[in-house]
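Some notes on the structure that comes next.
Only the coordinates and a few stated rules stand behind these numbers; no lab work does. All of these numbers come straight from a predicted model, not from anything done at the bench. With ideal geometry, Cβ positions are generated from the backbone for all residues, glycine too; neighbour counts draw on all protein chains shown.
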Amino acid sequence: MSDDKIETHVLPSLPYKDDALDPVISARTISFHYGKHHKGYVDNLNKLVAGTKFANLPLEKIIAETTGKADKTAIFNNAAQAWNHAFYWRSLRPKGGGEPPAVLKQKIEASFGSLDACKKELATMAMAQFGSGWAWLVLDGDKIKIVKTGNADTPMTTGIKPLLTIDVWEHAYYLDYQNQRAVYVDAVLDKLINWDFAAENLG
Ligand code: MN
């Protein structure tokens, strides 16, 4: 067995304690969102791929090979949700928000005019996603853009590079904000968003 083979997909550790994002995102939300939802996607994926050619592939490859295939929808959904959630936890940090690193800030200003305009568009896109899904800051060629995806979909499958994401499924905010998605999104953008992570993803 070579070291680069993945026997089963594991739930990655949270990059902070479960109460570290409180009061913007409570430990109670994290306990369900990470401990039940994210874990559920990983567990379901492991069941679905056991004994198949996907069993030993990294998530990115599973996503690439199952996207748009009607007979592989369940595998795609669980692999993409496992990837999206790991990426979402890293898109947040305690005492986040503030100013992006210069290299990212420059690109944001070139694309949107200002950081505020970029944050506003991220919030608008998060609200425009009808039902469950994700709002993303992405790198498309040399341009920073904002896109949304429904359900498990990820911009990766269209050749666009994700920089950070905000989960706008109701399970991400309902315990703390009930139906007020906009309040959750604004609080995340002001207090938790991890611009350093987005800058690292510029590559
Ligand atoms: Mn979620």
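Sort 185, 42 so that the residue with the fewest other Cβ atoms within 10 Å of its own Cβ comes first and the one with the most comes last. The partial results should precede the final answer.
On the way: 185 24, 42 20.
With the sparsest Cβ surroundings first, the list reads 42, 185.
Which trypsin sites (Lys or Arg not before Pro) does segment 40-88 hold that lie in a coil by DSSP with at most 12 other beta carbons within 10 Å? Answer by residue number: 53, 69.
Per-residue ellipticity at 222 nm computed for the chain from its helices equals -13000 deg cm²/dmol, with DSSP H segments shorter than 4 residues left out and the rest contributing -39,500 (n - 2.57). Distance between the C-alpha centres of segment 115-129 and segment 177-195: 11 Å, rounded to the whole angstrom. Residues whose amide H falls under 5 Å from that of residue 163, counting only those 5 or more places apart or on a different chain, are 137, 138, 139, with hydrogens built in the peptide plane.
Pairs of Cα atoms under 8 Å, at least six residues apart: use those to get the relative contact order of segment 26-90, whole percent. Once divided by the residue count of segment 26-90, the mean separation gives 37 percent. Would the chain count as rounded, prolate or oblate if I go by the C-alpha gyration tensor, calling it rounded below 1.5 in a/c and otherwise prolate when a/b exceeds b/c, oblate otherwise? Prolate.
Structure remark: mean-square fluctuation, Gaussian network model of the chain, C-alpha springs under 10 Å; the largest value among 119, 161, 143 belongs to 143.
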